[in-house]
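Everything below concerns the one structure shown next.
A short reminder: the numbers here are calculations on the coordinates, not readings from a lab. Predicted, not measured: the structure shown is a model, and the values here were computed from it. Here the Cβ positions follow ideal geometry from the backbone for every residue, glycine too, while neighbour counts run over all protein chains shown.
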Amino acid sequence: MNMKKHLLLSGITRHGKNRIHQHGQTWEVIAEGNVGARLNVFHLKSLEKTEGPVGEKGRDERTIFKSDDPNFKIEGVLFR
């Protein structure tokens, strides 16, 4: 059984709070470690399809720092 890692996020800044409001609090971890030039990060994908025109919604993706991210706080880790 392959369990996926999910993060529960909260917003710190206005930008972070808006992203949580738009895409939800729970995000799937799709990569971890060094992503491109960014070190010590999580690359995340939203669980909800919220991006794009009506009928063609997709999941939002973003990269956050594992600690001290300026926009998001990691509230918890889930395995599903």
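Here are the numbers for the structure shown:
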| item | result |
| --- | --- |
| Flag for residue 2 being exposed (fewer than 15 other Cβ atoms within 10 Å of the Cβ) and in a strand (DSSP E or B) | no |
| Residue among 33, 55, 16 that is exposed (fewer than 13 other Cβ atoms within 10 Å of the Cβ), among the small types (Gly, Ala, Ser) and outside any strand (DSSP E or B) | 55 |
| Breaking point among (1) at positive phi; (2) touching a residue at least 12 places away in the same chain (Cβ under 8 Å), for residue 12 | (1) |
